[in-house]
Amino acid sequence: MSTGVETSPGVARDAGPTAEEPVLEVRNLSVDYGFGDDPTHVLREVSLTLRRGEVLGLAGESGCGKSTLAYAATRLLPPPGLITGGEVWLTGRDGERADLLALSDAELRAARWRDIAIVFQGAMSSLNPVFRVEKQLIDGILAHRPRMGRAEARERAAELLRLVGISADRLRAYPHQLSGGMRQRVMIAMALALEPQVLIMDEPTTALDVVMQRQILEQVMELRERLGFSVVLITHDVSLLVEVADRIAVMYAGEIVETAPARDVYQRPRHPYSAGLLGSFPPLHGPRRELAGIPGAPPDLSQREPGCPFAPRCPHVMDVCRTELPVLGRTAQAEEARLVACHLHTSLSAGEKLPDLVAR
Amino acid sequence: MRFLLRRVVFYALTAWAAITINFFIPRMLPGDPVTALLGRMQGRIDSNAEHSLRVLFGLDQDTSMWQQYLDYWGLLLRGDLGLSFTHFPTPVADIVSQSLPWTVGLVGVATIIAFVIGSLIGTFLGWRRGTWADGLLPVATFFQAVPYFWLGLITIAVLSVNLGWFPSSGSYDRGLVPAFSGEFIGSVVYYGFLPALTVVLSSVAGWVLGMRNMMVTVSSEDYVTVAHAKGLPERQVMLGYAARNAVLPQVSSFALSLGFVVGGTLIMEMVFSYQGIGYTLYQAVSTHDYPLMQGCFLVITLSVLVANMVADLAYALLDPRTRTEDR
């Protein structure tokens, strides 16, 4: 099923221990919106690795490309979105690797849901309003396991609902008869139907109230312990990620600006944008502090300036930031598991002094 | 069941209102049938006969409008629609029941065909939006914009006058005796083909455009993306998820258009001299034939109501959200 030759590992720049094998590897993924001469570059050479059993948090402001990354990696990007380059390597259960972007339509269809399942933002609109929950759970199962009988599939659907804490008699319900929280649970149950290796959750709890958000996420994390799938959790809520994610990737203007273990990002954010993002959420522990927003607004992606996209808003901006685009690399502190795209860290030698905020 | 009962009561009330209005409107038209009849006969009837005609039509009695209204209901409930003035003394019920099957058969079948073909084409065009398929849209818009009578005349000119493939008027070969024989039915189909073709051609575009636009809207719904993400076969996503939801508004306009089948085909029946209810109504209006007019209006009103009711029920069947819970 593998459709490509392994490229050299140096292409994807990602730090961290390599003991656990990557289950999903995004390499240099680029996405444009709009055709013709002047497309908007929404993703620029994004690389990201999800290791088996890991929860990877993807954080960033609205419009930074988080969802586009999820859609592009699964080839669900609607027009005028266009993948202009990159690879998405998925390691199968048998250890075979395949580039999702190079699969034929039939192969892609077979891999979807079986290997990668997605839970989308809109809990309210993700279910087909005219079909019963049962039918929608079953058709996905039967599409991949045509030899399974209808009765068996129905049994499996009931089991899935119980898994997310919904009683099996709701199988006969239509989506409009369920609450928002129940619908999102049904979506999660549906996503787990074929025991996928990777579950991508695109702001799965945005439309729900805070209590429900917590319940659902705790449930997903519990299921992950039991079933052993890996999770990509996309959200703008960094404090939530700090709690549930193993690693966090921070995105800004279509690029990943920092990846590090969750605890490191929380305690010692290296990129000024990560620091700003954390400063705009109430801290989880310790004394209360003044919340600070990040001044300015995200750049217009259709009119790229040279240099670091965060430069106009950055409190530590230097001359080099306005002319040269920083690339993802190790910090001067030589932290194993961290990559940062910031001139503060990459252009200084180890002995020089860093601004307080990013040098803790 | 409560849902059904509520709908039935609603439609009964609507029918009462419609029949009542139907009763009063012809009586407000200027002119009177006797004068019209005398005028049509162009002096062949002695003007002294005017009074006897009035007696004959029952127009001499000075009954109040209210009394007439009550009498009307009494007769209506017995299925008596009165006698036609122009086709005197044929009962209106006979005239209506003779012309109705022709209209319903021809236009009904044509409407169903147009709906099915149009929705299928629309499904396909909507699914393949942004490709060469969009090039078919101007063609659809053209057929939607063409005035019906012109389309009818052109088809007659080309297919029956020049090529001689189809008869230009009538509903069956007058040499045949109406019977349930293969020959007669074949003749009806042969004569009906051309008018049906024009009805389909002029209405199919509306279904295509409506369905295509709904498909485009529905295709960007989250549940369609989810269906793709689930790895369902494309056909299943297109028909089961996108088209299944896109067809809902189509179904209600289809039921409404079935209601207008009976009343809205006047031009077709005139262009093709087809003996349907539209043509009968036209004659009735131009000769102040109150009973026939009322009979036609009644049938048209009732058919629109029935179609509406069918639309309601079909919608309830297709869309679970409109069903009220019976607990």
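Scanning segment B:240-263 for residues that are without any contact (Cβ under 8 Å) to a residue 60 or more places away in the chain, touching a Ser or Thr at 6+ places or on another chain (Cβ under 8 Å) and closer than 25 Å to B:S169 by Cβ yields a single hit, B:G263. Is there a residue being surrounded by 20 or more Cβ atoms within 10 Å (Cβ to Cβ), of a type in the set (D, E, K, R) and part of a helix (DSSP H, G or I) anywhere in segment A:164-171? No. Contact annotation: residue pairs with Cβ atoms under 8 Å, 6 or more positions apart or on different chains, pairing a residue in segment B:61-80 that is at positive phi with a partner that is assigned to a helix (DSSP H, G or I), are B:G79/B:A93. The set of residues in segment A:80-97 being open to solvent by less than 50 Å² (accessible area, probe 1.4 Å) and within 13 Å of chain B (Cβ to nearest Cβ) consists of A:G81 alone.
In segment A:315-330, what residues are open to solvent by less than 50 Å² (accessible area, probe 1.4 Å), more than 23 Å from the chain's Cα centre (by Cα) and touching a residue at least 40 places away in the same chain (Cβ under 8 Å)? Matches in segment A:315-330: A:H316 only.
Rundown of residues vs (1) modelled with pLDDT under 90; (2) surrounded by 22 or more Cβ atoms within 10 Å (Cβ to Cβ), yes/no style:
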| position | (1), (2) |
| --- | --- |
| A:A173 | no, no |
| A:R185 | yes, yes |
| A:E195 | yes, no |
| A:P204 | yes, yes |
| A:D209 | yes, no |
| A:R214 | yes, no |
| A:L227 | yes, no |
| A:S230 | no, yes |
| A:I234 | no, yes |
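Exactly one of (1) assigned to a helix (DSSP H, G or I); (2) open to solvent by 70 Å² or more (accessible area, probe 1.4 Å) is unmet by B:R44. Its number? B:R44 satisfies all of (1) assigned to a helix (DSSP H, G or I); (2) open to solvent by 70 Å² or more (accessible area, probe 1.4 Å) except (1). Only one of the listed residues (B:S160, B:S187, B:S171, B:S257) is away from chain A (no Cβ under 14 Å), open to solvent by less than 40 Å² (accessible area, probe 1.4 Å) and touching an Asp or Glu at 6+ places or on another chain (Cβ under 6 Å). That residue is B:S187.
Taking segment A:103-113 as the range and being within 9 Å of chain B (Cβ to nearest Cβ) and within 15 Å of A:L76 (Cβ to Cβ) as the test, the residues that pass are A:D105, A:L108, A:R109, A:A111, A:R112, A:W113. On the stretch given as segment B:114-157, residues that are open to solvent by 80 Å² or more (accessible area, probe 1.4 Å), touching a helix residue (DSSP H, G or I) at 6+ places or on another chain (Cβ under 9 Å) and more than 17 Å from B:L209 (Cβ to Cβ) total 2.
Apart from one condition, A:E87 fits all of (1) under 30 Å from A:D209 (Cβ atoms); (2) in contact with a Lys or Arg (Cβ under 7 Å, 6 or more places away or on another chain); (3) at pLDDT 90 or above; the exception is (1). Each residue in segment B:268-296 was checked for being open to solvent by 20 Å² or more (accessible area, probe 1.4 Å) and within 12 Å of the chain's Cα centre (by Cα), and 0 of them qualify. Every listed requirement among (1) more than 25 Å from the chain's Cα centre (by Cα); (2) more than 10 Å from chain B (Cβ to nearest Cβ) is met by A:L100 save one, (1). Evaluation of A:L127 against the conditions (1) within 14 Å of chain B (Cβ to nearest Cβ); (2) of a type in the set (A, V, I, L, M); (3) in a helix (DSSP H, G or I) shows that the sole unmet condition is (3).
Tally time: how many residues in segment B:71-82 are open to solvent by 80 Å² or more (accessible area, probe 1.4 Å) and of a type in the set (A, V, I, L, M, F, W, C)? Walk me through it before giving the result.
Pass one, segment B:71-82, residues open to solvent by 80 Å² or more (accessible area, probe 1.4 Å): B:77-78.
With the extra rule that they be of a type in the set (A, V, I, L, M, F, W, C), the set shrinks to B:77.
So the count comes out to 1.
Residues of segment A:37-82 being polar (S, T, N, Q) and either assigned to a loop (DSSP other than H, G, I, E, B) or without any contact (Cβ under 8 Å) to a residue 12 or more places away in the chain (or both), which ones? Of everything in segment A:37-82, those that are polar (S, T, N, Q) and either assigned to a loop (DSSP other than H, G, I, E, B) or without any contact (Cβ under 8 Å) to a residue 12 or more places away in the chain (or both) turn out to be A:S62, A:T74.
Please state which one of A:P299, A:P283 is out of contact with any strand residue (DSSP E or B) (no Cβ under 6 Å at 6 or more places or on another chain), closer than 22 Å to A:S30 by Cα and surrounded by 14 or more Cβ atoms within 10 Å (Cβ to Cβ). First the steps, then the outcome.
Numbers: A:P283 fails: closer than 22 Å to A:S30 by Cα.
A:P299 is the lone residue from the list that is out of contact with any strand residue (DSSP E or B) (no Cβ under 6 Å at 6 or more places or on another chain), closer than 22 Å to A:S30 by Cα and surrounded by 14 or more Cβ atoms within 10 Å (Cβ to Cβ).
Residues in segment A:130-149 that are open to solvent by 10 Å² or more (accessible area, probe 1.4 Å), aliphatic (A, V, I, L, M) and more than 9 Å from chain B (Cβ to nearest Cβ): A:L142, A:M148. The requirement of being open to solvent by 40 Å² or more (accessible area, probe 1.4 Å) and either in contact (Cβ under 8 Å) with a residue 40 or more places away in the chain or in a loop (DSSP other than H, G, I, E, B) (or both) is not satisfied by A:E152. Scanning segment A:47-76 for residues that are open to solvent by 30 Å² or more (accessible area, probe 1.4 Å) and either closer than 21 Å to B:P233 by Cα or out of contact with any strand residue (DSSP E or B) (no Cβ under 7 Å at 6 or more places or on another chain) (or both) yields A:E61, A:S62, A:G63, A:Y71, A:R75. Each residue in segment A:241-272 was checked for being of a type in the set (S, T, Y) and modelled with pLDDT under 90, and 1 pass. Go through (1) open to solvent by less than 40 Å² (accessible area, probe 1.4 Å); (2) in a helix (DSSP H, G or I); (3) of a type in the set (G, A, S) for A:A117 and report which single condition fails. All conditions pass for A:A117, except number (2). Any residue in segment B:1-24 that is over 19 Å from B:G74 (Cα atoms) sitting within a Cβ distance under 6 Å of a residue that is of a type in the set (S, T, Y) and open to solvent by 30 Å² or more (accessible area, probe 1.4 Å)? List the pairs, counting only those 6 or more apart or interchain. The qualifying pairs are B:F3/B:T324.
The values are calculated or read from the model by the stated rules, or taken from the named source; none is laboratory data. Quick caveat: nothing in here was measured; it's all calculated off a predicted structure. Using ideal geometry, Cβ is built from the backbone for each residue, glycine included, and neighbour counts are taken over all protein chains shown. Note: areas computed on protein heavy atoms with side chains; ligands, DNA, RNA excluded. Shrake-Rupley method; radii C 1.70, N 1.55, O 1.52, S 1.80 Å.
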